[in-house]
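The values are calculated or read from the model by the stated rules, or taken from the named source; none is laboratory data. If you're wondering where the values come from, they're calculated on a predicted model, not measured in any experiment. Neighbour counts are summed over all protein chains in view; Cβ atoms, including those assigned to glycine, are modelled from backbone coordinates with ideal geometry. Heavy atoms of the whole protein, side chains included, go into the accessibility calculation; ligands, DNA and RNA do not. Shrake-Rupley method; radii C 1.70, N 1.55, O 1.52, S 1.80 Å.
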Amino acid sequence: MRELPTGTVTLLFTDIAGSTLLLEELGEHYAEALAEHRRLLRATFERHDGIEVDTQGDAFFVAFETASDALKATVEAQAALAAQGPIRVRMGIHTGEPARTEDGYVGIDVHRAARISAAGHGGQTLLSQSTQDLVDPDGLRYLGEHRLKDVGEIRLYQVGDEEFPPLKSLNQTNLPMAPTPLVGRTRELLELVGMLRDARTRLVTITGPGGIGKTRLALEAATESLTAFDDGAWFVDLSAIRDPQLVEPAIASALGAAGELADRLRDRRLLLVLDNLEQVVDAAADIGRLLDVAPGVSLVTTSREPLRLRTEREYPLDPLAEAAAVELFRQRARSVQPGFAADSERLTELCRRLERIPLAIELAAARIKILSLEQLLSRLERRLPLLAAGARDAPARQRTLRATIEWSHELLNEDERRLFARLAVFAGGWTLEAAEEVCQADLDTLQSLVDKNLARAEEGRFRMLETIREYALGQLEDSGVADELRHRHATHYLVLAEDAGPALTGSEQHIVLEQLAADYENLRAALEWYTTTPGGAEQGLRLASSLVLFWFIRGHYRDGLHSLERLMEASDDEGAPARAGALYGAGLFHTLMGSEERAAPLLEESLELARTLGDKSQVARSLVVLGLLAFFRNDMRGARSLLEEGAALARAADDRWCLADALGTLSSIYPLQGEADAAQAAGTEGLAIARRFGDRQGIRMALFGLALTAARRGDLGPARALGEEGLAVCREIGDLWFVSYFLWLLATVATTSGQLAAARAFAEESLDVARELDAPLLLVCALDAMAAVARAEGDDETARAHLDEAERIGRAGTVPGSYLSSVLRGLGELATARGDLTGARLRFEESLSFAREVGDVWASERAAASQATLAKKRDDVGQET
């Protein structure tokens, strides 16, 4: 056998994808297929000077002196495997300088190559940037930068242009990266990962007292299980939520989804980590319902008590083993005092006194800067017997943890104690400015709390672990200033939201959106305070109405409605200016969700109140949404009239945001009525206004109208350029509604241009987002686009299935006749192709009827042309007969 190369080496890892399923499928023939797979790969690698480093099961580890030899070997091997039969192999290639040992190679480059291979799918070959730099780039496809477990961010390339599912990287997740290694939970981690990879396990609840390490273990298990879930793993922090009704919106927010959560999850295969569920345990029934309707979803939850669902497997978490507890203390102590060393016996005694609870150990280790090990033991000796009494009905470990936190609290000076209690008023974290204004915090005292691990600093913000915050909340309640602090907290976030309102329509829009998102839990807490505090509803309504545009742009329709409707019901001031904005927001959200019957009276009341108040800007905004509602109701002429009136009033009121939005919306209606020049003029003016003031939402609306106009004119190049620019803007501001809308338009343009691969990609993503939002209009558009691609590819059966679903949704939901006309025309063309001329005639007639009813000239012309083609075909058939 040749010696393994040294220096710069290209490493290849391979393994069979879906080997367990393949074994079940092939049965006794699996061994034969596996042997043939090994023979084929070995022969191919040897032909290209590859040296086999290791083989385990169905996996190979091979080294090459040159990257080009490795690439040629994988291309030849994949082609041979594809011709051979059912076995599909994923391959990963990375070039580096691994250290040579007697048994092979060691070092980070080996891990990188293995992780690259594990990220792929059967039949897929992935390359790292270091390998791509050394080979001919022709035939390679850039897949972007991906975060891989343990090895960080890597730029990856794919060999060939075949379409595969998203890579199994940490990009398909929002799981927080652990700042330190997990200590002492190897057995528990293996057991949990085994449960999560078992398809029969749908729900695992990790139970135990606060501070036992439930969250840390759940995150590690989810990260290890990530590759088993095609749609990734997602973390949902419920620590700041107290209302069970907000659990589903919190899950949707973590997923970046809107609409009905059950529909969003129905066809997904993903893992959800629901953290800190004990305070909203009444949401268990809703969680059970989600599991029933979404068979591909698995959950790992953390709670101090089980959910008691029939699908649940409880996993009680015990304290750390003795050796692990000591090692954890050593590691944390050395992070604050690098030279820390201590007698193992004394450390073991200290950890025993702390009952080997991870949080208690970390709090104690943080004191090593100011207290010796003997002093720590001495203080615990004096305090634990007294503090362990606690509440008689509290679990023993919880009482001990409380004692540990209280002991840590007793070490604070008066200023630190006062600030520690007051900071508990914040939910989900806070900024320095908020702490200074609400709690009269000074920087040095706050820094001291961070140093003592009672608060954490994270990217310009601060937060408390929830267990610590719960203790601090108790101190706040006992302080006598809790109500005052909550009032100041709510006032702070009311001012923040009202100050953000104007910026949401200007050049700082994207920055303000992120700021509001970062403080969303505090805003929710302020809304709850105003809702439940006597006399607070009017201020709460001001806060909620200030958040309407945030909820709108980010797609948090249901969350917004929850607050708006509760506060409107609680408020006695029927004539408050904020009420007009709240009515407008509720009407807007109902419109976008297809609840036209509920939207109309809200918008009419908003319009009437705004006129009474003389608020021209609010009048204009209400008219624009009423115009949108009329469009959804197939009243295109009424929609145009309302939008034009709204635009005129917005111009008079100098409401540039509303004017740009109205003009952009008109520019998407005019081309449907055959008025391309008017559409161009409206869109151009709207775009100029929005660009001048940096209003990204206005920019995206105008770009959509201009792109639609170009597409209707047949100017496909400009249509695609405008559509791609608009899509980029929507992604930047998180506007999912128009992400789907632009993708539909781009799919239509690409299909017309004959670019079917691009068209399919646009249409599939459009449909995915539309299903997330559960928006009837977007679903019909996306399904129509999917059908068009299938028809162009000659797959009429798939096309008909998409159009049938689109017709069902369109007839049941609030969908403009223009879009339903297109669906019916497509069904007519399919009927014509299969010789059902009578069925085709009925479809074309109904398509034309819908188009004419709403005044859609463009759709009418296309339906009439289809009718004419059918009539000629019928004449030809008659002559032949």
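Compute the length gained on full extension between Glu28 and Glu569: take 0.36 nm times their separation in residues and subtract their Cα-Cα distance, giving the result in nm to one decimal.
188.0 nm
Surface analysis of segment 432-520 yields an accessible area of 45 Å² per residue, using protein heavy atoms and a 1.4 Å probe. The share of accessible area on the chain that comes from carbon and sulfur is 49 percent, using a 1.4 angstrom probe. Computed from phi, the 3J(HN,Hα) profile of segment 767-782 under the Karplus parametrisation 6.51, -1.76, 1.60 (θ = phi - 60°) reads 5, 4, 5, 4, 5, 4, 7, 6, 9, x, 4, 5, 5, 4, 4, 5 Hz, with x in place of Gly and Pro.
Kindly state, to the nearest 0.05, the FRET efficiency for Asp243 paired with Glu861, given R0 = 30 Å and r defined as their beta-carbon distance.
Working: r = 52 Å, r/R0 = 1.74.
After rounding, the FRET efficiency stands at 0.05.
Scaling the Cα radius of gyration of segment 1-95 by the globular reference 2.2 N^0.38 Å produces a ratio of 1.08. Calculate log10 I(q)/I(0) of segment 190-326 for q = 0.16, 0.18 Å⁻¹, where I(q) comes from the Debye formula with a single equal point scatterer on each Cα and nothing for solvent. Debye curve over Cα of segment 190-326, log10 I(q)/I(0) at q = 0.16, 0.18 Å⁻¹: -0.77, -0.98.
With n ≥ 4 as the cut-off for DSSP H runs, can you work out [θ] at 222 nm for the chain, using -39500 (n - 2.57) per run divided by the number of residues, rounded to the nearest 500?
Values: 40 runs with 551 residues, N = 881.
Result for the chain, helices only: -20000 deg cm²/dmol.
Projecting label points 7 angstrom from Cα along Cα→Cβ for His111 and Thr684 puts them 5.9 nm apart. Taking only the Cα atoms of the chain, the radius of gyration and Dmax are 31.1, 107 Å. Among 29-40, 768-779, sorting by the average number of other beta carbon atoms lying within 10 angstrom of each residue, highest first, gives 768-779, 29-40. Each residue, Asp133 and Arg808, gets one label point 7 Å from its Cα in the Cβ direction; the gap between the two is 5.3 nm.
Per-residue surface analysis assigns Ser372 an accessible area of about 50 Å², computed on protein heavy atoms at 1.4 Å probe radius. Summary of packing: across the peptides 490-500, 285-295, 737-747, the per-residue average of other C-beta atoms within 10 Å ranks them, highest first, as 737-747, 490-500, 285-295. What the Cα convex hull of segment 151-260 gives, in volume per residue, is 170 Å³. The order of the peptides 760-767, 621-628, 600-607 by mean Cβ neighbours within 10 Å, most packed first, is 621-628, 760-767, 600-607.
Counting charges near Ala252 (Lys, Arg +1; Asp, Glu -1) among other residues having Cβ under 10 Å from its Cβ returns a value of -2. Pairs of Cα atoms nearer than 8 Å and 6+ residues apart set the relative contact order; for segment 18-94 it is 25 percent. Rolling a 1.4 Å probe over the protein chains gives His562 an accessible area of about 40 Å². Label-to-label distance for Val336 and Arg352 is 2.4 nm, based on points extended 7 Å past Cα in the beta-carbon direction.
What does the extension gain come out to for Val495 and Arg269, with contour length at 0.36 nm per residue minus their alpha carbon separation? Mind dumping the intermediate values first?
Values: separation 226, 0.36 × 226 = 81.36 nm, distance 4.16 nm.
Stretched fully, the Val495-Arg269 segment lengthens by 77.2 nm.
List the trypsin sites (Lys or Arg not before Pro) within segment 190-232 that DSSP assigns to loop and that have no more than 15 neighbouring Cβ atoms inside 10 Å. Don't skip to the end; give the middle numbers.
Values: sites: Arg197, Arg200, Arg202, Lys214, Arg216; in loops: Arg200, Arg202.
Qualifying residues, ordered by number: Arg200.
Once you have the Kirkwood Rh of segment 215-284 from its Cα pairs, apply Stokes-Einstein at 10 °C and 1.306 mPa s and quote D in µm²/s. Show your work: numbers first, answer last.
Numbers: Rh = 12.7 Å.
Roughly 125 µm²/s, to the nearest whole number.
Probing with 1.4 Å while keeping every protein chain in the model, the per residue accessible area of segment 82-191 equals 49 Å².
Rg and Dmax over the alpha-carbon atoms of segment 518-561 stand at 10.4, 31 Å. Taking 8 Å as the Cα distance limit and 6 or more residues as the minimum spacing, I'd like the relative contact order of the chain as a percentage. Reported as a whole number, the value is 6 percent. Once each part is reduced to its C-alpha centroid, what is the distance from segment 420-471 to segment 79-151 in angstrom? Computed from Cα coordinates, the inter-centre distance equals 44 Å. Counting only protein heavy atoms and a 1.4 Å probe, segment 569-662 has 39 square angstrom of accessible area per residue.
Using the alpha carbons alone, the radius of gyration of segment 638-740 stands to its Kirkwood radius in an Rg to Rh ratio of 0.96. The DSSP beta bridges internal to the chain are antiparallel in roughly 60% of cases.
Within 11 Å, Cβ to Cβ, of Ser169, how many net charges do the neighbouring residues add up to if Lys/Arg are +1 and Asp/Glu are -1? Could the numbers behind the result be given before it?
Values: positive: Arg115, Arg147, Lys149, Lys168; negative: Glu145, Glu153.
Taking every Cβ under 11 Å from that of Ser169, the sum is +2.
Against the empirical 2.2 N^0.38 Å (N residues), segment 124-192 has a Cα radius of gyration ratio of 1.44.
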